[in-house]
């Protein structure tokens, strides 16, 4: 979901008001709150609201001063959208904190678009924007993945030429391509979160590129580039996985022998559904999950408890979404959304290949508890890397060197998982 706390705050304000008005109505009030949360959960975010304020910009000194809050005070590198999305800058580490005046001054690393000026802005994990060739300096090509609902625009960043040459040499010498740390026969599909853009995934491209892995960065239903689902609603990974499956098949059609799946937030939930349901899942040697939703019920209950709403809310939302009549008439979903299928603590026995699970203890959107529990249940397949300080899906932003090192070690030790598969 890369749903930040702004969405949940907006939902909770209306929910709390509803509880106040309907306090005497008991269950009716609870159902009303649950209905509203269910709608918020499934409705795509078309608008990206501002969530911070820029107080001063000094391009000569390469500094930017912002309102001090839980996000802007954390160390690391981040993106910042200004002027309604017409300006994008990259922000570096903290230089000075003035707690009394609630101001923080940080490095101004780069101006990618427009001209930064004081005013409202949107703080984000998207430090790189636009075509990978421009934002990363790594050649990329535009492709179209043929999805169930229509064309899915995607970027492909091919493995370095040196890796292709080495792979060809290995093929000629041994009669078969060796796939260890990477090589052009190993691809990766990078899956962004709820409400995010493909740019969310670009942080992972350089390290995977160095490992000789070709990266496919696709769109999927209901994001800003792909076709909408018939009901126009998000299914929390339960239908979106079909578009990732189409991307997986696209990789195989282009010659991939193995396809690593990488997902952020709801993208992690989508990856897990793909791993469980895809007919070509045998091509997946392992998965990397960053701040993933491994239990949607826990996420809903966490958001409710943070806003002092009844814990019963999670149960009611589950009923509304899972019941065919209620989900269609009250929520507007074409098909029921069975949250039980998103609870990987319960489904832990189904995991049958390596999982790298990166999750911050300070994630206030998707709590780390479910990830930690899953790792405890399946230490044989799940490698858990907890982070500190990072907010939701900002582990790379806080410590990119560690993130790259952890991913490199995980990918480099994956066993070859090559099996026969069809991709027609």
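Here's the yes/no breakdown for (1) under 23 Å from residue 390 (Cα atoms); (2) over 24 Å from the mean Cα position of the chain (by Cα):
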{"site": "100", "(1), (2)": "no, yes"}
{"site": "106", "(1), (2)": "yes, yes"}
{"site": "111", "(1), (2)": "no, yes"}
{"site": "116", "(1), (2)": "no, yes"}
{"site": "121", "(1), (2)": "yes, no"}
{"site": "128", "(1), (2)": "yes, no"}
{"site": "134", "(1), (2)": "no, no"}
{"site": "138", "(1), (2)": "no, no"}
{"site": "141", "(1), (2)": "no, no"}
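Test residue 353 against the criterion of being in a loop (DSSP other than H, G, I, E, B) and out of contact with any strand residue (DSSP E or B) (no Cβ under 7 Å at 6 or more places or on another chain), and give yes or no.
yes
Failed condition for residue 299, given (1) under 27 Å from residue 396 (Cβ atoms); (2) more than 17 Å from the chain's Cα centre (by Cα), with all others met?
(2)
For segment 282-312, give me the residue count where each residue is in a helix (DSSP H, G or I) and in contact (Cβ under 8 Å) with a residue 24 or more places away in the chain.
The qualifying residues number 12.
Looking only at segment 359-393, which residues are in a helix (DSSP H, G or I) and either touching a helix residue (DSSP H, G or I) at 6+ places or on another chain (Cβ under 8 Å) or touching a residue at least 24 places away in the same chain (Cβ under 8 Å) (or both)?
Hits for segment 359-393 are 369, 370, 371, 373, 374, 377.
What number of residues within segment 131-145 satisfy the criterion of being under 16 Å from residue 191 (Cα atoms) and touching a residue at least 60 places away in the same chain (Cβ under 8 Å)?
Number satisfying all stated conditions: 3.
None of the figures in this text is laboratory data; all of them are computed from the coordinates on show. Predicted model, so just to flag it, every value in this text is computed and none were measured. Neighbour counts run over all protein chains shown; Cβ positions are idealised from the backbone, glycine included.
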